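S.K.: What follows is a structure written as structure tokens; I'll ask about it next.
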């Protein structure tokens, strides 16, 4: 997908809050080989390196637009690479990911595959959005099933691969991990109006639809989405509860 870093970072403060909670799960050790899955523009990757002395951190992302912003951040111990999450390899002391693996399908295979890349004593720590059942993110699927959008999309609508916290716990255990910690948390965001909600989702959840719809239908889709969102949020400001999943685990020494 073609990402817009400026639009994504419009809500930088709100998107940073879950990352702080993710960082609190990381066991600080020296001299680690670290992989950041879906590094985006690299600010968070840089922060992880700063908290892990004498470590080497590689941030990967599949978006050229995002990675263009990382060039000025490269320094000893910090590098970035164009690579999809499902293609990673190698051995790592820490694999972490902030709001990225929800774009990768088949988590039943993805999670064991990532755990298999951990060295003895290595840790995985992940945060991913789990707001796909919220009305703001079911409206787009409803519209995708209606004309003229259904024909233009060939019957396609976005299906998120996000599992339950119990399923993630099971996958980690079955992969041989220990010190398993899995939980959900809701971040209560208060946004100015529905246009702010649209701006938030245009930088993430609505992207797959804009990628697949012809340009001449973008405005119609967005206007239809706006109308239904107005019914959902008739008053301002808008209380937008955002649910996220966290999990971490370590491999035995």
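Just so it is clear, none of the values below were taken in a lab; they were calculated from the coordinates. Predicted, not measured: the structure shown is a model, and the values here were computed from it. So basically every Cβ, Gly included, is an ideal-geometry build from the backbone, and we count neighbours across all protein chains shown.
S.K.: Could you check the spin-label model distance between residue 167 and residue 199? Points 7 Å from the Cα along Cα→Cβ, value in nm.
M.R.: Calculated label separation equals 3.4 nm.
S.K.: With both partners inside the chain, how many of the DSSP beta bridges are antiparallel, as a percent to the nearest 5?
M.R.: 50
S.K.: Where the centre of each part is set by its Cα atoms, how far does the stretch 110-168 sit from the stretch 184-253, in angstrom?
M.R.: With the stretch 110-168 and the stretch 184-253 each reduced to a Cα centre, they are spaced 13 Å.
S.K.: Using Cβ counts within 10 Å as a stand-in for footprinting exposure, how do 138, 41, 204 rank, fewest first?
M.R.: Exposure proxy ranking, most exposed first: 138, 204, 41.
S.K.: Next question, about the same structure. Which one, 77, 31, 40, has the greatest fluctuation when you compute a Gaussian network model over the chain with C-alpha springs under 10 angstrom?
M.R.: Most flexible of the set in this elastic network: 31.
S.K.: Hey, another quick one. Report the full-extension gain for the segment residue 190 to residue 159: residue separation times 0.36 nm, less the Cα-Cα distance, to one decimal in nm.
M.R.: Extending this stretch completely gives an extra 8.5 nm.
S.K.: Which residue fluctuates the most in the chain, going by a Gaussian network model with Cα springs under 10 Å, if the choices are 58, 35, 82?
M.R.: 82
S.K.: Given R₀ = 51 Å, FRET efficiency for residue 235-residue 116 by Cβ-Cβ distance, to 0.05?
M.R.: The computed FRET efficiency comes out at 0.55.
S.K.: Quote to one decimal, in nm, the extra length available between residue 50 and residue 30 on full extension: 0.36 nm per residue of separation minus the C-alpha distance between them.
M.R.: Full extension of this stretch gives 6.1 nm more.
S.K.: Right, something else. Ranking 57, 115, 28 by Cβ neighbours within 10 Å, fewest first, what do you get?
M.R.: 28, 115, 57
S.K.: Per residue of the chain, what 222 nm ellipticity follows from adding -39500 (n - 2.57) for every DSSP H run with n ≥ 4, rounded to the nearest 500?
M.R.: One gets -10500 deg cm²/dmol as the mean residue ellipticity at 222 nm.
S.K.: Two decimals is fine: what's Rg over Rh for the stretch 132-187, C-alpha atoms, Kirkwood radius as Rh?
M.R.: So for the stretch 132-187, dividing Rg by the Kirkwood Rh gives 1.20.
S.K.: Sticking with this structure for a sec: Taking every alpha carbon pair in the stretch 40-183, what does the distance histogram look like in 5 angstrom bins from 0, in percent?
M.R.: Whole-percent P(r) values from 0 Å outward: 2, 8, 15, 18, 17, 15, 11, 7, 4, 2, 0, 0.
S.K.: What value in Å³ per residue do you get for the convex hull of the alpha-carbon atoms in the chain?
M.R.: Per residue, the Cα convex hull of the chain comes to 120 Å³.
S.K.: Once you have the Cα-Cα distance between residue 71 and residue 105, take 0.36 nm times their residue separation minus that, and quote the gain in nm to one decimal.
M.R.: 9.4 nm
S.K.: Can you work out the FRET efficiency for the pair residue 243 and residue 86, with r the C-beta to C-beta distance and R0 = 35 Å, to the nearest 0.05?
M.R.: Result of the calculation: an efficiency of 0.90.
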